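So the structure is just underneath, and the comments pick up after that.
Values quoted throughout were computed directly from the atomic coordinates according to the rules given, and no laboratory measurement underlies them. These numbers come from a predicted model, not from an experiment. Backbone-built Cβ (ideal geometry, glycine too); neighbour counts: all protein chains shown.
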Amino acid sequence: ELAGIGSFTGTGKLGFQRGHNQSTGGSLYRMMPVNAKLGLEHRLEGWRNGVEVELVDAKTHVDPIRHDPPTPGYAVVNLTSGYTFGSITVDGGISNLFDHRYYQPLGGTNAMILGAASNTGPRQPLLAEGRSFNLAMTVAF
């Protein structure tokens, strides 16, 4: 911690999985593509501020038998801030800061496009949330 400046902490997470159906040789259903989260947090006295970037590769290895839809890759930026005074903590944040339109690879499909009774044809992935503002308060006792 630097006097008057506070402390900085970097975080990172990398995920990768790949699976094959040994009977058909095809891809397994609902497999997350390569993804990463990189963050930087600043702390000074009771304040915490952070920025996080979520990076996800395109989902191209899909299971057509289960109508698993491909999704494009994306990058999303999230901001957080919080302050603790005594036993009360107030946290706020902005998810998807730039209101990027994207589809989460495991976010599900839109059954309404096909109709509830239909089980054929390609399915469309659900659109992920747009920019959202979050506020929370925690009281410790």
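Assorted remarks:
- Counted without the sites themselves, the longest stretch of the chain free of GluC sites (Glu not before Pro) in a DSSP loop having at most 16 other beta carbon atoms within 10 Å is 46-128.
- The rule of thumb for compact globular proteins, 2.2 N^0.38 Å, goes into the C-alpha radius of gyration of region 28-103 1.52 times.
- Proximity of backbone amide H atoms, modeled 1.01 Å from N, is registered between Ser27 and Asn21 at under 5 Å, excluding neighbours fewer than 5 places apart on the same chain.
- Label-to-label distance, nm, for residues given as His100 and Ala36 (7 Å Cα→Cβ offset): 1.3
- Estimated FRET transfer efficiency when R0 is 25 angstrom, pair Arg43-Gln17 (beta carbons, to 0.05): 0.15
- Once you divide the Cα radius of gyration of the chain by 2.2 N^0.38 Å, the number left is 1.39.
- Pairwise FRET efficiency - Asn134 versus Ile65, Cβ, R0 = 41 Å, nearest 0.05: 0.60
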